[in-house]
Every structure is written in structure tokens, then in C-alpha cells.
Amino acid sequence: MTRYVIKRLVQSIPVIFGITVLSFAIMKLAPGDPLANFVNPTISMEDLEASRSALGLNDPWYVQYTRWLSEVVRGNLGYTYAGNHSIRMLIGQRLPNTIILTLSAFILSFAVGVPIGVMGAVRKNTRTDYGLTIFSLVGVSVPSFFFGLLMIYLFSILLGIFPPGGMVNIRARYVGFARIMDIAHHLVLPAIVLSLSNIATVSRFTRSNMVDVLKEDYIRTARAKGLRNKAIVYKHAFRNALIPVITIFGLSIPFLFSGAYITESIFNWPGMGSLGIQAIQDREYGIVMALNLITATLVLMGNLTADILYAVADPRIRH
Amino acid sequence: MQIFQKNSFYDLAYRRFMRNRLAIIGAAITLAFVFIAVFAPVLTPYGPSEFFFSADGTTYSRYAAPSGAHLLGTDALGRDVLTRILYGARVTILVAFSAVLISTVIGTIVGLVAGYFGGIVDGVLMRIVDVVISFPVLFLLISISTILTPSVWIVVFAIGFVRWTNTARLVRGEVLRIKELDFVSAARGVGSTSTKIILRHIIPNILAPVMVQITIGTAQAVLMEASLSFLGVGVQQPTPSWGNMLIDAQRSLVLREMPWIWIPPGTVTLLLVLGIYFLGDGLRDAFDPKQ
């Protein structure tokens, strides 16, 4: 087991390195001069060139990359062109909000997706199963921005049950428990929108695993022993079918972060996604790059954790 | 009707496919959209960027409600919504098919090389796949199309160059399995070259899973193009795209009062993606009798 963990850790070192190179390359390829926003228009070409040299912008790319990397590992993600705000501070303010949203969607995906998948497998080829299969396919097919707009239209505009956007009721200024309830109230629609497609993926995956497991010899043995169907499904089959679902844990993370971009911008959720969209509109490449770097690293760690959990749950995988 | 050699792998798969009602529905929906894309100019009397004037002829007919002349009304600039949806099918299908062509070619080559030759080549290629996969797709796409000026072809290349990783992993796995089989050893035994083994023995055996992957990839490419265009970094106005037709719905007045602007383009996106998924599921079940 230790060997497996070490092997996976060693494998992720070049990947982390690649992630930083790609993030850096994306920023370097961006058009526009970082100085363009700072200088006053009357500056001479010589002075401009001098300050470019002073800032190291004329150094070869690998020198710039090394310098940038050494700042990043010390936690300095740079500053915005406009206003010279610390990017780390900006992201630090937004990251918790994105985590609240993605974590809720994550929990919702498995809490709803797994039971749907099990139900489909147990009632394989019945009307319930076909209905659930079609539901899952619709779930992965609906564009999330369209689904989000539909939900706002239905639940905010027509029914008025949930707020159409934001994270807190600004006018009410709740504190303590009332504030938590207020956030939860704002969280319902975005969490549903963000998780829909993932619910569908989880349920399809769970169903096909469960169908496979239900064909195994030990299930037949359990039936031959005369066990009740409930005991077979939930004690014997369910546990084994659940193991591969761990791999979806890892896959869900990049998926949910991607989805957060759209969901947050539709619902004005003050997270990293809406920060990213704003950054793109303002051409703040520093923020875009920092977001790429942070999410890619989170995803890598998520995958690593999922792989290790998988190996813990299923010893056969270690070899 | 006998298309393939009787009782061959593809003949059996074809017969299983034709018995699958959802798969047939999916194929019909997909073909219907291809038909719309090809014949858009015949299906509507208007042009996609043609402006219409209000009854008194002085102002543009902005946000006109559905009527006999404009079955789905007009948009913010007084253009016919239905016409833009029909022409939008062209953009969507062009982008999705071209992007999937790129990602399939790259993914298949990388997967074949990594799986067949193994060793360091495999290690390096798979780490590159790991790097690309670590970036949430949409982040990477948005970064790419922000840096380069967004256009239809940038969207195509961005999706194509980001989405090849799934195909690469799939092909590599299949190659690893197939290259250990007896007929490959036999071919090697009689002195076939690597090129010949790959072309004659391995590629024909990975076609089925790659075809399934192509359909799934197409469905995902449709969604990605729509998402990028919705976020304003994909297909740009005045070119109609189902995604950029929904941008306007972020204004609460449009969302509240003018459902004809945003419900139809969203619904056709859903329908097309659903159709392609039905088709893909049907193909998978047809190729894999165990299911």
C-alpha cells in the first residue's frame, strides 16, 4: 500500500510541473503589454524599454518562468493590472464561496445519484429503469446555463420561492443562524443546477456497476442460500458496486469547478467562477492564470485522493 | 436489407441497433438537425442577420412577440428568432463535427503510439494527458479563446485540442488489451512490421469503441460550444449560435417577459445533445452484447 501511494505521488510531480508550465504559457501567450495600463502616454520609448528591462520583461521565457514559479510557491500570485490588488487576497475572498457551492453540489450528486442508479439496476428493464435512464440522459444533455435560466424563471419569477441570485440578502443583514439559513436559501437553486449533470453521471455509473455485480457468482450463492432480496441487494451487491463509484469522486471535481463558472455567473454567486468571468472581460490574465493553477492543483489532489481511497477499498487495484 | 456480411460483427451490431427504439429516435433527431443545417436557406424566407422594421416602418421591430410573419418573434435587434435557430444549427454542427474530428485524430494517434510502444513514450504521453485533464475543460477553453480572438475556428481548435485526452486514454487501453491477443502475436511471428500490425490488426479492432467515443464527444462539443458562446468567448455576433442567442436572457426583463427569445434555442440544444446521446448509447449497446 505504501509503495502504491509513493508511486502515485512520484507520478504527480511531473504533472504538477506541467500544470505550472501550461498556466504560465497561457499567460505569456496573452496579447497586450502588461505595462500598457500603467504608463502615461507621454513616456519616451527609451524610458518604456528601461522599465521593461527593470521589471524583467525582456528576459528569456525560462528566466521569467523560474522567477514566477519561485513567487508562486511562496504564495505570491501577483497583482491585478487595474488597482494593483493582491490576486491571492481576491481569490482568498472568493474561494470559500465556491467551495460552499461545489461541496453542496458534490454531496447532492452522490446523495441523489447513487440511489437512482441502484433503483435502476434492481428494476432493470422495467418502466422505472427506462424512466430513470431517460432522466439521466436528459440530465447530461441539458445545457447548464439553460437549465439555470429555466430554474430562475420557474422558482424565482413564476413561483417566487427562491431568490434569483446572490448569496445573501443584502438588505436584511442577517447574523448568526439566520445568516446561515439565508445562505442556504440562496444556495438551493445554484446547487441543483450545478449538480444535475453530475447526478446523471453518478447514477448511470452506479447503475452499470450494480448491474454487473448482480450477475456475480456470489450473488447467485446468496440467492441460493435463500436470503431475502433486500439483504442481497443492500448487503452484498451494494457495497461492491459502490467501490468503483469512488473514481467518480475524482472526476467530479474538475467537472464541478467547470460548471461553477457558468452557474456562478448566472446566479451572481460571488465565487471563483464569477471572478474568472469578470477577469476575462477585464483581460486580467494574472487572475485567469492563478485560477487555472489553483483549480488544476485541486483537481490533481482530488484525483490522487480518489485513487488512494480506491486502492484502500479494493486491494486488487494496487497491482 | 443486407449491408454488412451476414452474421459478421457489424451485421450483428447493426441488427441490435435497429431493434433499439431509443437509438433509432436518437439517430432520427440527429439526422433531422443535420438536414436543418444543410437546408437552412430553403427552410426560411429570411436571412439570419436580416433586420425587420415595425409596422410604421420607422424603428426596428425589437422583441416582437411571435406572430404569423415571425413564428418565434424577433430578438433585441429585430432579427427573426426562428431563422437564427435554423442557421445556428449550421454553426453548432460544423463546430461539433470539426472539433471531434480533431480530437479523434490526435487522441487516436497518441493512444496508439502510447499503447503500442509502451515504456518511456507511454509514460511521457500519459503524463501530458494527466496535465491536460487536470485543467477543468471550461477553464482551459475560456483561457484559450480569451487569449486568441474568439471566432468559430478558434472554438473548433480549442475544443479539439482540449478534448483529445479521453480518446487517447480509451485507445491506449484498447491497444494494451489487443496487442496481447494471439492474432497479434501470430502476425508478429510471421514477420509483420509494426506499421502493418497497427493498421491491419489493431485499428480495425478499436473502431467500435472509438465510434462510441465520437458520438459522446460530439454531444459534449455541442454543449461546450453553446457554453462558450453563452459566456461571450465562443461564436460571436452576428453569427448566430444557440449559445449566444441565450446571452440576452441574462437580463431579467427578457427572462421574465420574452420567453420566445431564450426557450427555443435552449430547447433545440437539449434536443440535439439528447439525440446524439441516445445514438451513442445505442451504438455502445449494439457493439457490446454483454450489456
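Bear in mind that the values in this text are calculations on the coordinates, not laboratory data. As the structure is a prediction and not an experimental result, all values here were calculated from the model. Cβ placement follows ideal geometry from the backbone for every residue including glycine, while neighbour counts extend to all protein chains displayed.
Odds and ends about this structure:
- Of interest is the spacing of the C-alpha centroids, which for region A:234-259 and region A:291-310 amounts to 15 Å.
- At R0 = 30 Å, FRET efficiency that the Cβ-Cβ distance of residue A:55 and residue B:151 yields, to 0.05: 0.40
- A crude spin-label estimate for the pair residue A:224 and residue B:19, with each label 7 Å from Cα along the Cβ direction, gives 2.9 nm.
- Burial ordering of A:124, B:179, fewest other beta-carbon atoms within 10 Å first: A:124, B:179
- Kyte-Doolittle at least 0.5, axis length at least 24 Å by Cα - qualifying DSSP helices, chain B: B:21-43, B:81-117, B:203-230, B:259-287
- Set of lysines with alpha-carbon distance to residue A:225 below 18 Å, sequence-local pairs under 8 removed: A:215, A:235
- Residues whose amide H comes within less than 5 Å of that of residue A:43, counting only those at least five positions distant or on another chain, are absent (H built at 1.01 Å from N in the peptide plane).
- Sorted by Cβ neighbour density within 10 Å, fewest at the top, the residues B:224, A:1, A:27: A:1, A:27, B:224
- Adding -39500 (n - 2.57) for every DSSP H run of four residues or longer, then dividing by how many residues the protein assembly as shown holds, sets the calculated 222 nm ellipticity at -23500 deg cm²/dmol.
- Distances between placed amide hydrogens fall under 5 Å for residue A:269 paired with A:166, all partners being 5 or more residues away or on another chain.
- Residues whose placed amide H lies under 5 Å from that of residue A:30, excluding near-sequence neighbours: none
- Distant alpha-carbon pairs in the protein assembly as shown (separation over 37 angstrom), percent: 41
- Taking Cβ atoms as reference points and 11 Å as the exclusive limit, the residues near residue A:119 contribute a net charge of +2, counting Lys and Arg as +1 and Asp and Glu as -1.
- Along region A:254-262 the Karplus relation, 6.51 cos²θ - 1.76 cosθ + 1.60 evaluated at θ = phi - 60°, assigns HN-Hα couplings of x, 4, 5, 5, 4, x, 4, 3, 6 Hz to successive residues, with x for each Gly and Pro.
- Highest-fluctuation residue, B:30, B:104, B:193 considered, GNM on chain B with Cα pairs under 10 Å: B:193
- The shape of region B:9-287 comes out prolate: with a ≥ b ≥ c from the C-alpha gyration tensor, a/c is at least 1.5 and a/b beats b/c.
- Cα-based shape type of chain A, given that a ≥ b ≥ c are square roots of the gyration tensor eigenvalues and the cut on a/c is 1.5: oblate
- Neighbours of residue B:204 by Cβ distance under 13 Å: Lys/Arg scored +1, Asp/Glu scored -1, total +1.
- Full extension of the segment from residue A:85 to residue A:183, taken as 0.36 nm per residue of separation minus the current Cα-Cα distance, would add 32.6 nm.
- Under the combined filter of DSSP loop state and at most 14 neighbouring Cβ atoms within 10 Å, region A:156-231 retains these trypsin sites (Lys or Arg not before Pro): A:171, A:173, A:215, A:225, A:228.
- For residue B:179, a cut-off of 21 angstrom between C-alpha atoms picks up these lysines, skipping any fewer than 8 places away in its own chain: B:196.
- Shielding value for A:132-140 is 3, the average number of Cβ atoms from other chains within 10 Å of each residue's Cβ.
- Region B:1-153: Cα Rg divided by the 2.2 N^0.38 Å rule of thumb: 1.57
- Förster-model FRET efficiency, 60 Å R0, residue A:157 and residue B:193, C-beta, rounded to 0.05: 0.35
- Pairs of Cα atoms nearer than 8 Å and 6+ residues apart set the relative contact order; for chain B it is 26 percent.
- Highest-MSF residue in chain B out of B:16, B:172, B:163 [GNM, Cα springs under 10 Å]: B:16
- Here the peptides B:266-275, B:204-213 are ranked by packing, the mean other Cβ count within 10 Å, and the order with the highest first is B:266-275, B:204-213.
- From phi via Karplus (6.51, -1.76, 1.60), per-residue ³J(HN,Hα) for region A:204-215 in Hz, x at Gly/Pro: 5, 5, 4, 4, 5, 5, 5, 4, 4, 5, 5, 8
- Rounded to the nearest whole Hz, the Karplus-based 3J(HN,Hα) values (6.51 cos²θ - 1.76 cosθ + 1.60, θ = phi - 60°) of region B:194-201 follow the sequence 4, 4, 5, 5, 5, 6, 8, 10, with x at glycine and proline.
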